[in-house]
Amino acid sequence: MFEQLSVREKKRLLRHAYRPMPRAPGKRGGGGGGRQEWTQAEMELLGKASDEETARVLKRTLKSVVVKRYKLGIPMFAPKLRRWPAADLRLLGKKPDAEVARLLGRSLRSVKSQRNHRGIPVLEPQLRPWTGAEIELLGKSPDEQIARALKRTLSSVACKRQMLKIPVFDPQLQAWTKAELKLLGKAPDEETARLLKRSRSSVACKRQKLGVPSFRPWLRPWSKAELRWLGKLPDAEVARRTGHSEKAARIKRCLLGRAKVDPKCRPWTTREDALLGRLADEVVVQRTKRTLSAVRNRRFFLGLGDVFRPGWTAAEDKLLGTAPDGEIAARLKRTKLSVQRRRLKLGIPFKSPVRHHWTEAEEALLGKVPDQVLAKQLGVTLIAVIARRSARGVYGPNTRREWVAAEEALLGTRPDAVLAKKFGRTVLGVAIRRRELRIPIFVRKAKA
């Protein structure tokens with residue numbers, strides 16, 4: 001019946017799913033071949049059974065059946081996907097999943113998936129809640145004995161005991177007495193464990209359980225009598241007398257701003273402090289019989305500034321700028337920094353040991369003496385002479401000068417080399433000028 005319909009009717013019924021039968025390649029007109037068009041009866045079978053069974057009945061490929069069903073928007077046949085009624089949902093979590101799957105005729109996977117989707121906990125006869133009487137037995141006997149008495153697994157008993165932070169049963173474990181509890185926190189845990197003949201971990205656990213802080217002598221408050229010793233006795237002696245550590249004594253002394261007491265270091269007197277800044281450090285070292293570093297540190301501690309030096313004389317000021325600062329500092333027995341500061345204060349330019357400083361007499365020779373001769377005479381490079389002459393706007397002695405009529409009249413009458421020597425010019429300069437004037441080159445005449 002479907003084959004008898006026109007193409008227009010087929011398009012109206014199937015809409016976008018309609019595909020006309022293509023012609024076989026290489027043939028014209030009829031002749032058969034190609035794909036077989038779907039009939040109305042065949043399309044009605046799609047989705048009523050599995051694609052494999054439909055393809056076997058219609059004698060088509062599985063791919064063609066799947067594509068046709070997908071194009072027509074027909075869902076895939078799935079008899080196993082059944083809806084869950086309210087009666088079936090009530091069984092979830094009330095019985096084991098395997099039993100629910102057997103009663104409802106469903107797979108175990110579908111039962112677990114539906115129960116997890118509903119947020120229903122699994123029912124396991126082995127997982128039963130702990131009672132108060134069972135919890136009281138934990139830690140009173142070995143875990144194996146408690147598991148056998150409660151008919152539980154050893155791992156469940158151990159996990160529950162650890163979750164409640166109940167220590168494991170130990171027949172050799174001694175009960176703590178009041179006298180032992182009073183000793184906790186009064187001394188280090190190692191010492192307390194040695195006195196009580198217990199392990200350090202048991203002492204630390206008991207102290208932490210009772211909320212007793214650990215023994216830290218450096219946090220013990222300082223008494224007034226102990227504070228008087230700081231700065232008057234060495235830190236080691238203060239630590240021995242007070243029971244504090246040497247580090248705690250040093251930190252407390254530094255916080256109080258007290259100097260360290262060292263038998264090898266003697267304190268500074270007022271007369272010694274008066275010498276600092278007024279005399280050179282070397283002189284203070286000789287008079288006080290102290291090290292140079294001790295004198296410098298004391299001077300900086302008192303804020304007396306730089307090392308003392310006598311005032312500058314007029315003769316010393318004249319030397320500034322005549323030589324490098326390091327050389328002048330060695331002559332005057334001063335530091336290079338002090339020479340530099342004095343020179344900058346007076347506005348004297350720097351004398352570089354590498355760069356040449358030109359005098360008025362040397363600059364007067366620029367342009368009058370050849371650059372090579374002047375560079376050799378002054379002990380500088382040729383580039384330095386040329387740069388100085390160019391900076392002053394002075395032309396060199398070898399620079400181009402104007403040609404006079406007498407010189408131009410001799411061009412071509414003699415060889416260029418002879419005229420260049422006579423004019424004091426280069427051979428190239430003579431040749432260029434001769435060519436500019438279009439004068440032929442000098443050629444000796446052959447003898448007859």
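The values are calculated or read from the model by the stated rules, or taken from the named source; none is laboratory data. None of these values were measured; they are calculated from a predicted model. Heads up, the Cβs are rebuilt from the backbone with ideal geometry, glycines too, and the neighbour counts pull from every protein chain shown.
Residues of the range 279-293 include none that is touching a helix residue (DSSP H, G or I) at 6+ places or on another chain (Cβ under 9 Å), small (G, A, S) and part of a helix (DSSP H, G or I). Restricting attention to the range 284-325, report how many residues are under 29 Å from H357 (Cβ atoms) and either of a type in the set (D, E, K, R) or modelled with pLDDT of 85 or more (or both). Qualifying residue count, the range 284-325: 10. Considered as a group, the residues in the range 43-61 that are of a type in the set (D, E, K, R) and more than 15 Å from F77 (Cβ to Cβ) include one that is modelled with the highest pLDDT, and that residue is R60.
Conditions (1) modelled with pLDDT of 90 or more; (2) part of a helix (DSSP H, G or I); (3) among the aromatic types (F, W, Y); (4) in contact with a helix residue (DSSP H, G or I) (Cβ under 6 Å, 6 or more places away or on another chain), marked per residue:
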position: V65; (1), (2), (3), (4): yes, yes, no, yes
position: P79; (1), (2), (3), (4): no, no, no, no
position: R83; (1), (2), (3), (4): no, no, no, no
position: E99; (1), (2), (3), (4): no, yes, no, no
position: R102; (1), (2), (3), (4): no, yes, no, no
position: K112; (1), (2), (3), (4): no, yes, no, yes
position: N116; (1), (2), (3), (4): no, yes, no, no
position: I120; (1), (2), (3), (4): no, no, no, no
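One residue alone among W229, W176, W222 is surrounded by 13 or more Cβ atoms within 10 Å (Cβ to Cβ) and more than 28 Å from I251 (Cα to Cα), and that residue is W176. Remark: G93 matches the filter, which requires a residue to be farther than 30 Å from E37 by Cα and in contact with a Pro (Cβ under 8 Å, 6 or more places away or on another chain). With respect to the numbered conditions (1) surrounded by fewer than 15 Cβ atoms within 10 Å (Cβ to Cβ); (2) assigned to a helix (DSSP H, G or I); (3) of a type outside the set (G, A, S); (4) under 54 Å from the mean Cα position of the chain (by Cα), which one is the sole condition not fulfilled by Q145? Of everything listed in (1) surrounded by fewer than 15 Cβ atoms within 10 Å (Cβ to Cβ); (2) assigned to a helix (DSSP H, G or I); (3) of a type outside the set (G, A, S); (4) under 54 Å from the mean Cα position of the chain (by Cα), Q145 misses just condition (4).
Summed over the range 84-136, residues that are crowded, with 16+ Cβ neighbours inside 10 Å and closer than 19 Å to R152 by Cβ total 1.
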